[in-house]
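Asker: Provided herewith is a single structure, encoded as structure tokens, for subsequent inquiry.
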Amino acid sequence: MSNVTMEANSILPILKKKLAFLSGGKDRRSGLILSIPLNSDQTSMEELSATLDYLLSIPSEKCKARGFTVIVDGRKSQWNIVKTVVLMLQNVIPAEVSLVCVVKPDEFWDKKVTHFCFWKEKDRLGFEVILVSANKLTRYIEPCQLTDDFGGSLDYDHCDWLSKRLVFEKFTKESTSLLGELSIINDSEKSATVDKDKSTDCALLPSFDPETVLQTGHELLSELQQRRFNGSEGGGGGQAGPAWCPMEEELLAQPQVMKLLDSLREQYTKYQELCRQRNKRAQLDEIHTKVMQVVNWLQGPGSELLKTHQAIGDSVRAAQSLQQKHEEIESQHSEWFAVYVELNQQIAALLSAGEEEEVTELKALQQQLSDVCYRQASQLESRQNVLQAAQTFHGTTQELSQQLDGLLGMLCADVSPADGASIQQNLKLLEEKLQTVEAGLTALRQKGALLLEQMCSHSSWSLEETESPAGEQQDNVQHIQAVMDEMELRKQRCEDMVDVRRLKMLQMVQLFKCEEDALQAVEWLSELLDALLKTHVRLGDDSQETRTMLDKHKKFVDVAQSTYDYGRQLLQATVVLCQSLRCTTRSSGDTLPRLNRVWKQFSVTADERQQRLELALNFHTVAEKVLQQECVEVESLDEVDASGKTLLDRLGMPVIFPDGSEQSFGSPSDTATAAEGVRERLLLVEERRLQLQETRLHSNQEEEEVPNGLEGRLDVIGEELSEKEEQDEEEKEAEPQDDDLERATQDC
């Protein structure tokens, strides 16, 4: 490839204008295609000439010999400018131009002028110039070799081509300069002595970083090998066409880049070896001096610092203070350990490439340095472990002491919860605190054992260097054991108090339970009373039904009696628990009066219900007997009437409680329904009486008196029924007052 005499960077603003470009396309003779896109703006011929000079300096002579096909895009320009450009090609590249294709615009110039000018200048130009439309350009050039500006499929990115061209020229310039400098440095080192090396070490440095230049070259070579140099990746943006590399063969800079990289790597390798030899010679003496400095400090002042710090403290604060002092000691050691790490790395590097006589000395220094540093680091780590274990132990002790104080405060406080749930919650909290204390004591024992183990381990390390102060060590052990014993004793005392408090709280739970159950018994008894008054109204339609209702009533009363007895037993248990707990402020003193009051009301109501059912049973029994017998005595009929009236009178009477309040069974309509059944049976009895009297009238020939008497009797019964209906209406009017009385009774 020919040497580039012009740099792109020197005419970068002109190249950015894209006055002309080599797209990488080729004509049918394998000649390169040079495109000159003319714009409507006035084109500077000087800038265009400079651009052409630069572009024509890129291809090789062999490539130039095949000639160029120049495409002058005049679609946006005037004929005079196109003509000037065509004539300029004779001066810039007269021998290289094979064909000039002028792309004419849609509105063509004056045919006479253009035809005359081209034919006139044909012989003098030395190349053929043709006018062609953009769509007919493919007659002379394949579409895959034309860019999309001319209807082709060849990809070309001028900005990308320019940026990569700049990288190529920059790499070529820097690598060539660097090769010369490295060659001079390497050649001068061969004839220089060791003393001169030391004096000129800093002066003989390359002006460019070899690593950076090599990296740039590799990246550039990678771009070239991927056929992406000059802005093309092969193909055409997804369009059909063969893969094309515009820098292939003549344009491709890959061989030159590879040659420069090979030469640069060779010289840089020699330079690196030279630098390594310099550094190795300078490091040997420096390493020996630094190794002795580290060893002397660790065995002297460093060991003395560790010997004078053996305490573990008696609290968290004291342990933290000792920890801070130890961190200061570690900080002083860290500086020397950092030197050790650096020296160890330097020695390892020298050992890998050192001579035999150097390796022996370096290994001896490395072994001595490692032994001293590992021994000192182990002592620091052991001391650190002791202090951490001591701090953890004191922290656990402090936390356990606070837990015991909290538990003791809870045990000393009076227990006055509002209900059983609060007591259960307090009891649960008490058990949780006790479990926390037990867990804390277990953790304290573990931390104490770990601390003693760490102290013994640290003592063994200290004894290897010097005698450890046995008195201070023994004091530390005794202090740890005393702390654990004290915490154990405090925990045992609190555990005994918890047992007492647990028993008391369980009794209080039982007390609240008895009170709640007693109140529930009162509620149940009140509900039984309410059910008795509201739903137990019917008396039965015959003796069998009444007898069944009477049996059910007795069972109902038995249930109420059991409920009352259960409530009494609970209240007695409450009294016993209050005496045991010495609790004189309980609010359950009104439960017993309530229970007794409700029971008395229930008893009165149940007795009244019992008496009504017995009256109803007696009434139905005698009425059924009278109605079933054929011969009935008048006294039996009178007995039925008397029994029925007594029952009706009893139904209209309210229940009077011991406190003087009154309550009726059911609603007035329920009472009226029950009374209606009694009256219906009384009417049947009266009909029976009429039948009996008629029979007697026929027998005694008293046809006039007896009917009059019977009619009078029926009139009496009718009047009684009318009076009863009036009473029922009055009771209905008074029913709201009875409801108010009932609600007031319930509120009481």
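Asker: Per 0.36 nm of contour for each residue apart, how much would the distance between SER315 and GLU488 grow if the chain were fully extended, relative to their Cα-Cα spacing?
Answerer: 60.5 nm
Asker: Taking R0 as 51 Å, what's the FRET efficiency between SER422 and LYS554 from their Cβ-Cβ distance, rounded to 0.05?
Answerer: Here the calculated transfer efficiency is 0.75.
Asker: Which distance in nm do the two modelled labels at SER331 and MET292 give, with both placed 7 Å along the Cα-to-Cβ direction?
Answerer: Here the answer is 3.1 nm between the modelled labels.
Asker: Each residue of region 598-611 in turn: what ³J(HN,Hα) in whole Hz from Karplus with 6.51, -1.76, 1.60 and θ = phi - 60°, glycine and Pro shown as x?
Answerer: For region 598-611, the Karplus curve yields 5, 5, 4, 4, 5, 4, 4, 5, 5, 5, 5, 5, 4, 5 Hz.
Asker: Applying the Karplus parametrisation 6.51 cos²θ - 1.76 cosθ + 1.60 with θ = phi - 60° to the phi angles of region 160-165, what ³J(HN,Hα) value in whole Hz is obtained for each residue in order, glycine and proline being reported as x?
Answerer: Calculated HN-Hα couplings, in order: 5, 4, 5, 5, 6, 5 Hz.
Asker: Here's something else I'd like to know. Could you tell me which of rounded, prolate or oblate describes region 536-698, using a ≥ b ≥ c as the square roots of the eigenvalues of the alpha-carbon gyration tensor, with rounded for a/c under 1.5 and, failing that, prolate when a/b is larger than b/c and oblate otherwise?
Answerer: Cα axes put region 536-698 in the prolate bin.
Asker: Further question on the same structure: Can you give me the long-range amide H partners of ASP541? Hydrogens built in the peptide plane at 1.01 Å from N, cutoff under 5 Å, separation of 5 or more residues or another chain.
Answerer: THR546
Asker: Among the listed pairs LYS270/LYS363; LYS325/LYS491; LYS433/LYS513; LYS16/LYS64; LYS513/LYS555; LYS16/LYS62, which have their C-alpha atoms separated by more than 31 angstrom in this model?
Answerer: With Cα atoms farther than 31 Å apart: LYS325/LYS491.
Asker: Quick one: net charge around ASP659, please, counting Lys, Arg +1 and Asp, Glu -1 for every other residue with C-beta under 11 Å from its C-beta.
Answerer: So the surrounding residues net to +1.
Asker: Calculate, in nm to one decimal, what PHE208 and ARG29 gain on full extension: separation in residues at 0.36 nm each, minus their alpha carbon distance.
Answerer: This chain segment gains 60.1 nm when fully extended.
Asker: Quick one: which residues, 5 or more positions from GLY25 or on another chain, have an amide H under 5 Å from its amide H? H modelled 1.01 Å from N in the peptide plane, none for Pro or chain starts.
Answerer: ILE33
Asker: Next question. Taking amide H positions as placed in the peptide plane 1.01 Å from N, state which residues far from ILE71 in sequence (5 or more) or on other chains have amide H under 5 Å from it.
Answerer: Those qualifying (amide H under 5 Å, at least 5 residues apart or on another chain) are LEU34, SER35, ILE36, CYS101.
Asker: Report the label-to-label distance for GLU438 and GLU624 in nanometres (one decimal), using points 7 Å from each Cα along the Cα→Cβ vector.
Answerer: Inter-label distance under the simple model: 7.1 nm.
Asker: Please give the charge dipole size of region 527-614, origin at the Cα centre, charges +1 on K and R Cβ atoms and -1 on D and E Cβ atoms. Round to the nearest 20 debye.
Answerer: Computed charge dipole of region 527-614: roughly 440 debye.
Asker: How far apart, in nm, are the 7 Å Cα→Cβ label points at LEU519 and GLU633?
Answerer: With each label placed 7 Å out from Cα toward Cβ, I get 6.2 nm.
Asker: Using a 1.4 angstrom probe on the protein heavy atoms only, could you order GLU223, GLU686 from most to least accessible area?
Answerer: I get GLU223, GLU686, largest accessible area first.
Asker: How much accessible surface area, in Å² rounded to 10, belongs to the heavy atoms of HIS288 with a 1.4 Å probe?
Answerer: In the full protein context, HIS288 sits at about 80 Å².
Asker: Tell me, what HN-Hα J-couplings in whole Hz come from the Karplus equation 6.51 cos²θ - 1.76 cosθ + 1.60 at θ = phi - 60° for each residue of region 488-501, using x for Gly and Pro?
Answerer: Listing the rounded values in order: 5, 5, 4, 5, 5, 4, 5, 5, 5, 5, 5, 4, 5, 5 Hz.
The values are calculated or read from the model by the stated rules, or taken from the named source; none is laboratory data. Quick caveat, the model's predicted, so the values are computed rather than measured. Neighbour counts are summed over all protein chains in view; Cβ atoms, including those assigned to glycine, are modelled from backbone coordinates with ideal geometry. Just so you know, the surface numbers come from the protein's heavy atoms only, side chains and all, with ligands and any DNA or RNA stripped out. Shrake-Rupley method; radii C 1.70, N 1.55, O 1.52, S 1.80 Å.
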